[in-house]
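Okay, so here's the structure we're looking at.
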Amino acid sequence: HKIVEPIKGLDMIYLGAGPEKPSGKNILYAGEVQHEDVPLWLAAADFFVHPSEAEGSSNAILEALACGLPTVVNDIASNRELLDEKKAIFFDAGSPAQVRKAISDIVRNPEKRGALASNSKSESNQYTIHHRSKNIVNWLGLNN
């Protein structure tokens, strides 16, 4: 996909590896960062955008939730397993216009951004390793 044109006055930070290396005014491409540094990068953000088209259970989204970041994500089944409209704004990554609109919505609506952030942080504890491993043990019937 083509990288969406930046929204005027919006600074963007891109983390991770991939074939496209975004560049331009107000864009910082950090590339891959050490795992232990991810919380520092996320703490510097106002929101998190995740356009992946095939992810499974995304650790990146879980990390953003744990940091209390409102999320803007591609509307795919695996993202719907983790998120709902209380924690995220969804878009079709195949539509640059939808991506732009979703990002514009979160930028221009601080009340919604605050509500999404609050919901993300309060519900992130259900995805801790302790909680997830307990669910697996229960699912396997090993809790006796």
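Give, in nm to one decimal, the length gained when the segment between Ala45 and Leu28 is fully stretched (0.36 nm per residue of separation minus the Cα-Cα distance).
Length difference between fully extended and current span is 4.9 nm.
Report the FRET efficiency, 1/(1 + (r/R0)^6), for Asn59 and Val107, where r is their Cβ-Cβ distance and R0 is 25 Å, rounded to 0.05.
After rounding to 0.05, the efficiency reads 0.50.
What is the calculated FRET efficiency for Trp139 to Ala66, with r their C-beta to C-beta distance and R₀ = 22 Å, to the nearest 0.05?
It comes out at approximately 0.45.
Distance check, please: which entries in Lys21/Lys112; Lys21/Lys134; Lys87/Lys134; Lys25/Lys121 exceed 28 angstrom between their Cα atoms?
Listed pairs above 28 Å: Lys21/Lys112; Lys21/Lys134; Lys25/Lys121.
Order these peptides, 12-20, 39-47, by their mean beta-carbon neighbour count within 10 angstrom, highest first.
39-47, 12-20
Which of the peptides 61-68, 28-35 is most tightly packed, and how do the rest follow, judged by the mean count of other Cβ atoms within 10 Å per residue?
Result, highest mean first: 61-68, 28-35.
Taking 0.36 nm per intervening residue step and subtracting the Cα-Cα distance, what contour gain separates Glu20 from Gln98 on full extension?
Value of the extension gain: 26.1 nm.
At what distance in nm do the modelled label points of Asp11 and Ser78 sit from each other, each positioned 7 Å from its Cα along Cα→Cβ?
Output for this residue pair reads 3.1 nm.
Coordinate-derived values only; no laboratory data. Since this is a predicted model, take the numbers as computed values, not measurements. With ideal geometry, Cβ positions are generated from the backbone for all residues, glycine too; neighbour counts draw on all protein chains shown.
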